[in-house]
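A.B. asks: Structure in structure tokens, see below.
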Amino acid sequence: MRHDSILILDFGSQYSHLIARRLRELGVYCELHACTRAEEALRELQPRGIILSGGPYSVYEEGAPHAGPAVWDSGLPVLGICYGLQEMALAFGGKVTAGEHREYGHAELTLHHPGALFGGLPSTLQVWMSHGDKVLELPEGFQDLARTANSEHAAIGDLRRNYYGIQFHPEVSHTPLGKTILKNFACTVCGCRADWSMGSFMEEAIERIRAQVGNGTVVGAISGGVDSTVCAVLLHKAIGSRFHGFLVDHGLLRLNEAAQVMDRLRNRLGINLTLVDAGELFLSRLQGVTDPEKKRKIIGNTFIEVFEEEARKLGNAKFLLQGTLYPDVIESISFKGPSATIKSHHNVGGLLENMNLQLVEPLRELFKDEVRALGLALGLGEDTVYRMPFPGPGLAIRILGEVTRERLAILRQADAIYIQELRDAGLYRHIGQAFAVLLPVKSVGVMGDSRTYEDVIALRAVQTTDYMTADWYPLPPEVLRRASNRIINEVRGVNRVVFDISSKPPSTIEWE
Ligand code: XMP
């Protein structure tokens, strides 16, 4: 079943993705596309209405992006936000000017024509402004709907054609009633039913995979993290054993991780997943390497080599699964056009060119928390859905200095103890990421009657929403004490444990 939907055309605003989020929270399906793709996107999506996002440009600027005739010829309702409003004004003969006072921050909007867009709202409301240009003269057929102290035409509309333009940003949390405005546009003006949910997304995603792949074969590297697991389950449901997943064990996984992932995905979920045991190869190439960037490069290149060799053995794969999420797409879409839209995952990017594969990206429209919701809708357990992220280069970037089998064994054991303690204390779900790090120094200690000179383990725990910034997590002292005691008593070769109290920036989450 096709859902009622809204097309959002992105003119490059930092808030564009928030428009998409808000609509989906309302149960209205929508897609965000570069504004240069208006025509194709309208054809593919068949939306009930269009939203033009804000953007960093000035409409008269040379090279400024424009919506193009497809938008205005579609006959669909249009809501222009900020730059989108100015674009609308320009298209219908209005005048836009660089505002004498840049308006940035809170403003009070006074409605003088509530109508459909502002239905159910009080006559004054707090809104968030962020613009330099503003509409000076109304375009033909438009009337003023609301004003602020600095913007006479803060909201305008052509009620006959269902065109609305607003100078403020309804999608940000600083416009507390903004969601109602978006709902009024989508549901009242455009007539969308708010019937979109993860369950419906799941069915559509499966159908889309089938349509794209036909009788073809898809290969994919599966790590067992939430994104790749959700992808693998979708592919399995869509095309069964024509999906070939590979878990490349680079010898840098955590304690028993490969076996656990195989058990969960292959044995219990029936996914066609092959374990590729390549630990020897990775470790031999990492021998003597201590520079973090060199480690990453060696691991990345070897990963591609190993995966490619396995995929080639199948002979007939035409498609490559990639767990691209919406934030990755947003980062790379802009008015510059579709050529900029593909951002290859660092682990498998090279394969696309070498093997001439086409991408299958079932999570392309989703935010991380939506992927988790999809995982739950697919019947995956909370253990999988709320797993902490684990970096592609694995424990190699948590062993400072050379990566050896012995050092891997020490770190694996310490990390497993630490994570177990966090789970037992009921803290695992509250922490963004936590792990142990093996430092490249030894320190003096005393055990029994003898002096020791052994390794140091650092414990890291951070809280974060986006992993771009992070703060260290204040673990309760008793949890730290238990973890430290157990690590020093149970892990041979460790006599000291320290806790990392650095935030990002200026530190990073990983140590390398
Ligand atoms: P940093 O250390 O840059 O990490 O603060 C931010 C997040 O990214 C993860 N990370 C990686 N993930 N391949 C990955 O798949 C990598 O090379 C990589 N490096 C860092 C890190 O674990 C954290 O969640």
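The values are calculated or read from the model by the stated rules, or taken from the named source; none is laboratory data. Quantities reported herein were computed from a predicted structural model and do not represent experimental measurements. We place every Cβ from the backbone using ideal geometry, glycine too, and count neighbours over all the protein chains shown. These accessible areas exclude ligands, DNA and RNA; they are computed on the full protein's heavy atoms, side chains included. Shrake-Rupley method; radii C 1.70, N 1.55, O 1.52, S 1.80 Å.
A.B. asks: Find the eigenvalues of the gyration tensor of the Cα atoms of the range 159-204, then list the square roots of 5 times those eigenvalues as equivalent ellipsoid semi-axes, largest first, in whole angstrom.
C.D. replies: After diagonalising the Cα gyration tensor, the semi-axes are 24, 17, 8 Å.
A.B. asks: Scattering from the C-alpha atoms of the chain alone, worked out with Debye: what is log10 I(q)/I(0) at q = 0.11 1/Å?
C.D. replies: Here log10 of I(q) over I(0) equals -1.01.
A.B. asks: Based on DSSP, what percent of beta bridges with both residues in the range 380-512 are antiparallel, to the nearest 5?
C.D. replies: Taking every DSSP beta bridge with both residues in the range 380-512, the antiparallel ones total about 70 percent.
A.B. asks: Quote the accessible area belonging to Glu108 in square angstrom, nearest 10, computed with a 1.4 Å probe and with ligands, DNA and RNA left uncounted.
C.D. replies: It works out to around 100 Å².
A.B. asks: I would also like to ask the following. Determine the per residue accessible area of the chain with all protein chains present and a 1.4 angstrom probe, expressed in square angstrom.
C.D. replies: 44 Å²
A.B. asks: Related question: Counting other Cβ atoms within 10 Å, which GluC sites (Glu not before Pro) in the range 171-261 have at most 14 and lie in a DSSP loop?
C.D. replies: none
A.B. asks: Only bridges with both residues in the chain count here: give the DSSP antiparallel percent, nearest 5.
C.D. replies: 50 percent
A.B. asks: Please list Glu406, Glu62 from largest to smallest accessible area, probe radius 1.4 Å, with all protein chains kept in place.
C.D. replies: Ranking Glu406, Glu62 by accessible area, largest first, yields Glu62, Glu406.
A.B. asks: Would you mind pulling out the separation of the Cα centroids of the range 6-20 and the range 267-319, in Å?
C.D. replies: Each part reduced to its Cα centre gives a spacing of 37 Å.
A.B. asks: Same structure, new question: Under a point-charge model restricted to the Cβ atoms of Lys and Arg (+1) and Asp and Glu (-1), what is the dipole moment magnitude of the range 1-85 relative to its Cα centre, in debye to the nearest 20?
C.D. replies: 340 debye
A.B. asks: So what's the angle, to the nearest 10 degrees on a 0 to 90 scale, between helix 198-213 and the longest Cα principal axis of the chain?
C.D. replies: Here the helix axis deviates by roughly 80 degrees.
A.B. asks: Using the Cα centre of the chain as origin and beta-carbon charges of +1 (Lys, Arg) and -1 (Asp, Glu), tell me which of Ile431, Pro327, Ile487 is placed farthest towards the positive end of the dipole.
C.D. replies: Ile487
A.B. asks: Label Glu293 and Ser197 with points 7 Å out from Cα along Cα→Cβ: what is the distance between them in nm?
C.D. replies: 5.1 nm
A.B. asks: Also: Under a cut-off of 12 Å between alpha-carbon atoms, report the aspartates and glutamates in cross-link reach of Lys183, not counting same-chain residues fewer than 8 places apart.
C.D. replies: Glu25, Glu171
A.B. asks: Further, regarding this structure: Measuring from the lowest to the highest alpha carbon on each principal axis, how far does the range 101-147 reach, largest first, in angstroms?
C.D. replies: Principal-axis extents of the Cα atoms in the range 101-147, largest first: 29, 28, 12 Å.
A.B. asks: Follow-up. For Lys134, what accessible area in Å² do you get when you roll a 1.4 Å probe over the heavy atoms of the protein chains, rounding to the nearest 10?
C.D. replies: 40 Å²
A.B. asks: Within 10 Å, count the other beta carbons around each residue, average over each peptide in 144-155, 111-122, 81-92, 369-380, and list them highest first.
C.D. replies: By packing density, highest mean first, the sequence is 81-92, 144-155, 369-380, 111-122.
A.B. asks: Please get the size of the charge dipole for the chain, origin at its Cα centre, with Cβ charges of +1 on Lys and Arg and -1 on Asp and Glu, quoted in debye to the nearest 20.
C.D. replies: My answer is approximately 1120 debye.
A.B. asks: So, in Å, what gap is there between the alpha-carbon centers of the range 361-389 and the range 151-173?
C.D. replies: Here the two parts' Cα centres lie 35 Å apart.
A.B. asks: If you don't mind, there's one more thing I want to ask. Measure nothing but the geometry: give the 0 to 90° angle between the long axis through the Cα atoms of 226-239 and the longest principal axis through the Cα atoms of the chain, rounded to 10°.
C.D. replies: 80 degrees
A.B. asks: To the nearest 10 square angstrom, what accessible area does Thr290 show with a 1.4 Å probe?
C.D. replies: Per-residue accessible area (Thr290): approximately 80 Å².
A.B. asks: Then there is this: Once you have all Cα-Cα distances for the range 1-83, histogram them in 5 Å bins from zero and send the whole-percent values.
C.D. replies: Per 5 Å bin, starting at zero, the Cα-Cα P(r) for the range 1-83 comes out as 3, 16, 28, 26, 17, 7, 2, 1, 0 percent.
A.B. asks: Give the average over all directions of the projected area of the C-alpha convex hull of the range 245-333, one decimal, in nm².
C.D. replies: Mean shadow area of the hull around the Cα atoms is 8.0 nm².
A.B. asks: Dipole magnitude of the range 402-508 about its Cα centre, charges +1 at Lys/Arg Cβ and -1 at Asp/Glu Cβ only, in debye to the nearest 20?
C.D. replies: Dipole magnitude for the range 402-508 comes out near 100 debye.
A.B. asks: Where the centre of each part is set by its Cα atoms, how far does the range 177-231 sit from the range 404-477, in angstrom?
C.D. replies: Using only Cα atoms to place each centre, the spacing works out to 38 Å.
A.B. asks: How much length is gained on full extension from Glu406 to Ser503, taking 0.36 nm per residue of separation minus their Cα-Cα distance?
C.D. replies: Net length gain for the segment: 31.9 nm.
A.B. asks: A further question follows. For the chain, with all protein chains present and a 1.4 Å probe, just round the carbon and sulfur fraction of the accessible area to a whole percent.
C.D. replies: On the chain, the fraction of accessible area on carbon and sulfur atoms equals 49 percent.
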